[in-house]
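Have a look at the structure below, then the notes.
Read-outs: derived from the displayed coordinates by stated rules, not from any lab. Quick caveat: nothing in here was measured; it's all calculated off a predicted structure. Cβ placement follows ideal geometry from the backbone for every residue including glycine, while neighbour counts extend to all protein chains displayed.
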Amino acid sequence: MGIIKKYQLKHPDEFEYQKPKEVHPHDHFMDLVFLRFIPFWVTPNKITWFRFLATPIVVLTIAFGNYFVGIILFVIVAFTDAIDGSLARTRNKITKFGMMFDPLADKFLVGSLVLLLVFEYYDWWLGVALLGLEIAFIASALVVRYKFKTVHMANVWGKIKMILQVLAVFLTLSALLFNFPYLFTIGAWVFGLAIGFAVVSLFAHGV
């Protein structure tokens, strides 16, 4: 991995950047298939803002029972998480804003749907565990940011956790759309795996 996992602050408003020596393997695929069509004036931070602003639309669409449109919107908005990260690395546009708010945008999207879906269709403890771990991630990042003046980059375990959460939400919405209850069972197991990887990710960050 050519990108350093931490960026040391010189003072509260200035980051010391290191130009990436290489990008992740999936970034090359993203660049070849998707990023090449994104104009250079579209920055990773703008895509992160889009995810923030689009999340309430996704949540309201699903809350009103339009699961078909909701699934489409959810997949598009969740996919922007892969786009803004790859765009930042391949175009060397990693910023303080992106490091701080990209993971918050992910948590806003997933956390909103956990509140909407998990507490409704799964055991309450599953929702508590998912939200509790996301709160732990935020608290950990705040402690590191203000006490040690550094910012954690997402580790591989956190990325797997996010992918599993997205998959579990997709399975839940598919179960509702197609009235196929067995998908709820699969979704519950995938949420459980996401919890496991979230715990590993926290330990990897030294929590």
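General observations
- Coil-residue trypsin sites (Lys or Arg not before Pro) of the stretch 16-90, DSSP, other Cβ within 10 Å capped at 13: K21
- R36-F119 FRET efficiency (beta carbon distance; Förster radius 45 Å; 0.05 resolution): 0.65
- When you filter the chymotrypsin sites (Phe, Trp or Tyr not before Pro) in the stretch 40-78 for DSSP loop state and at most 11 other Cβ atoms inside 10 Å of their Cβ, you are left with F40, W41, F64.
- The alpha-carbon positions of the stretch 25-204 define a convex hull whose volume is 120 Å³ per residue.
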